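Let me begin by presenting the structure, written as structure tokens, before commenting on it.
The values are calculated or read from the model by the stated rules, or taken from the named source; none is laboratory data. No experiment lies behind these values; they were computed from the predicted model shown. In this analysis, Cβ positions are derived from the backbone assuming ideal geometry, glycine residues included, and neighbour counts consider all displayed protein chains.
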Amino acid sequence: MNTPSSFDTASPEKPTLIRNYVEILLENLGFMARFVGLVLLFGAVALFLVPRTYTAKVVLMPPEDPNKQNPLMQAAGALGLGSLTNPASATDILAEMLKSNTIADSLIAQEHLEEVFLSESERTDKNPLEKREILRKELSDLTKILTNKAGYITLEVKISTPAFSFSSVDDDSARNRAARIANGYVSVLDRTNRRLANLKSVYNAEYFAEQVAIAKQELDSAYSNFERFQKSNKAIALSEQMKFQMETLSKLKAQMIAEELQLDLLLKDRQPNDMLVLESRSRLNEYRKKYEEATQGKSDKLSLAFDEMPTVSREYANNYREVKIHEEVYALLKQLYFKERVQGYRDTPTVVVLDSASVPFYRTSPKRGLMLLVIFVVGVFAAIVAVFIRRWFSRFQIDDDYEPLRARLKNWKSALLR
């Protein structure tokens, strides 16, 4: 009798766990396809029902440093006054202005947004303060303002169509409104900037008019004193060295007076510990120090101290210096006064637009292709989970291993129904 070989007596290999799962999934492939198809169908319907959003974008050029536009600093450039450095950049200032309630209220009125964002009942029932707050919040939620290191400002406005809307008219309305609001931000910002700048210029012109009148009186007095001295002491002449020194002293003194005016203007709008105020004080102290050194002959080896000059020459030099100082200060103030008067009536743009908002053609959201892909992947995972839940439930109903659990559930059900 032949004995069975080892090959004949070997037991069949048991399927691995992964292979078992794959076989289960293949057996339920039809169910999974139907499940994923239904998920995709409902997802597609939902994507077509949700509002469609369109984004209009405006890009503003970096604004010029407001300190370089300061007329006092421009007019005194020839005297050696340096430009200021503002701790808050002009870009940040414009960005904060775009977020302000003043700009929002002006834009709401300009674009008639109350009729867009508020229902008829809200427009009728709510008081003006409530409506204003709602409109500001709506506008803020629709607007995104970004700045970069280069100083450019990007403003984006997103407008959505009504929910459950299939009309192309609603899409066109959302597109056009997004572009109008984005460009409206720029026009309102420019108009507000010009109004504030003009008011400031008118105020500064009044201030400089007062200073011009005072400087004129001081210049006339200096002329009179100098004329009386020349008549009483006969005409004398200064050496070229002393004349050059007087010119230098007059410029330093004019720098001091100009910086004092600048500091006075700063203190009208800023706190004493403000960075610009501290810098102005520091420059003023530096000018005073240089002026004292020049009068004492310490500025260079060729300078003469006033105490070392002959009495008559010293008095002549003092009078000559006072005349030159008041001449320069008077000329500077007159220049500032007329410049501020012109600035107060200028109507030039204050905002430079790199890219104005055009009507967007493509919607920002929903991204239907991408969303359908995500829905498909989620649907596949959900179908796999559903297959194993169905299999477990089928085994739970017929498998003897689950008999104790079925009995326990039956007892709980009976207890709940009593």
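Among what's in the range 111-140 and is under 16 Å from TYR185 (Cα atoms) and assigned to a loop (DSSP other than H, G, I, E, B), pick the residue that is nearest to the chain's Cα centre (by Cα).
LEU113
Scan the range 85-110 residue by residue and report those that are touching a residue at least 60 places away in the same chain (Cβ under 8 Å) and in a helix (DSSP H, G or I).
Filtering the range 85-110 down to residues touching a residue at least 60 places away in the same chain (Cβ under 8 Å) leaves 85-87, 89-91, 94, 97-98, 102-103, 106-107, 110.
Scanning the range 85-110 gives ALA90, THR91, LEU94, MET97, LEU98, THR102, ILE103, SER106, LEU107, GLN110.
Looking only at the range 141-163, count every residue that is assigned to a loop (DSSP other than H, G, I, E, B) and closer than 22 Å to PHE48 by Cα and tell me the total.
Here is the first cut: in the range 141-163, the ones assigned to a loop (DSSP other than H, G, I, E, B) are 148-152, 161-163.
This time we only want the ones that are closer than 22 Å to PHE48 by Cα, so: 161-163.
Residues that pass the stated criteria total 3.
What's the number of the condition PHE166 fails, among (1) assigned to a helix (DSSP H, G or I); (2) farther than 17 Å from GLN110 by Cα?
Just one mismatch for PHE166, condition (1).
Could you grab me the full set of residues in the range 172-198 that are in contact with a Phe, Trp or Tyr (Cβ under 8 Å, 6 or more places away or on another chain) and modelled with pLDDT of 90 or more?
Passing the criteria: ALA174, ARG175, ALA178.
Can you tell me which residue among SER232, SER201, SER224 is modelled with pLDDT of 75 or more, of a type in the set (Ser, Thr, Tyr) and part of a helix (DSSP H, G or I)?
SER224
Filter the range 117-137 down to residues that are in contact with a helix residue (DSSP H, G or I) (Cβ under 6 Å, 6 or more places away or on another chain) and farther than 28 Å from PRO63 by Cα, then give me how many there are.
Selection size over the range 117-137: 2.
State which residue pairs qualify: first residue within 19 Å of GLY30 (Cβ to Cβ) and inside the range 387-400, second residue surrounded by 12 or more Cβ atoms within 10 Å (Cβ to Cβ) and of a type outside the set (S, T, N, Q) in any location, beta carbons under 8 Å apart, and separation of 6 or more residues or different chains.
Filtered contacts from the range 387-400: VAL387/ILE24; VAL387/LEU25; VAL387/PHE31; VAL387/MET32; PHE388/ILE24; ARG390/PHE31; ARG391/ILE24.
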